[in-house]
């Protein structure tokens, strides 16, 4: 009996030790080095490591590289921390939204940058996100589960601007 209890305790401690938050998962994945650098520069790592729940639409490094030359370097400057924070919070929802929870069709979603909206469209071809510039990001990997939410990997950096057309 003591052996079974010890095994159960070991299994539980191993499971707990393997749980990772959104920032830990992103930091361990080389596709997100630019995102992690930006989250750190904006001072958001502690928040996104917190209890959540959060849904993060996480751009890959190539998405940041596709921005106009110098954009990332400019955003990472200390004097641009507010603008960087706004761009990053535009990628975060304060709910746990696995792909199955995104309703079919086009719907407005309110990211943590609360004065803005995203238009998320779920259909047979997958999930797309229209941002404030009218450009569209594709969800290329859905449902990376963290202990404080979920990550959906996207192929474009979402930028605030005008309200995207959604219906």
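Values quoted throughout were computed directly from the atomic coordinates according to the rules given, and no laboratory measurement underlies them. Small disclaimer: the values here were computed from a predicted structure and weren't measured. Because the Cβ atoms are built from the backbone with ideal geometry, glycine has one as well, and the counts that use them run over all protein chains shown.
Brief remarks follow.
- Our compactness index for the stretch 49-117, the C-alpha radius of gyration over the empirical 2.2 N^0.38 Å, is 1.27.
- Residue among 92, 157, 72 with the largest mean-square fluctuation in a Gaussian network model of the chain, springs linking Cα atoms under 10 Å: 72
- Mean ellipticity per residue at 222 nm, deg cm²/dmol - from DSSP H runs of n ≥ 4 across the chain, formula -39500 (n - 2.57): -9000 deg cm²/dmol
- Packing-based exposure ordering (other Cβ within 10 Å, fewest first) of 62, 29: 62, 29
- DSSP beta bridges fully contained in the chain are about 75 percent antiparallel.
- Principal axis box of the stretch 22-154, alpha-carbon based, largest edge first, Å: 40, 32, 29
- Computed over the stretch 88-159, relative contact order equals 25 percent, with contacts defined as Cα pairs under 8 Å that lie 6+ residues apart.
- Top of 78, 51, 68 by mean-square fluctuation, Gaussian network on the chain, Cα under 10 Å: 68
- From least to most packed, judged by other beta carbons within 10 angstrom and beginning with the fewest, 34, 55, 74 follow the order 74, 34, 55.
- Of 151, 120, 102, the one that fluctuates the most in a GNM where the chain has Cα springs shorter than 10 Å: 102
- Whole-angstrom gap from the stretch 30-46 to the stretch 86-142, using each part's C-alpha centre: 20 Å
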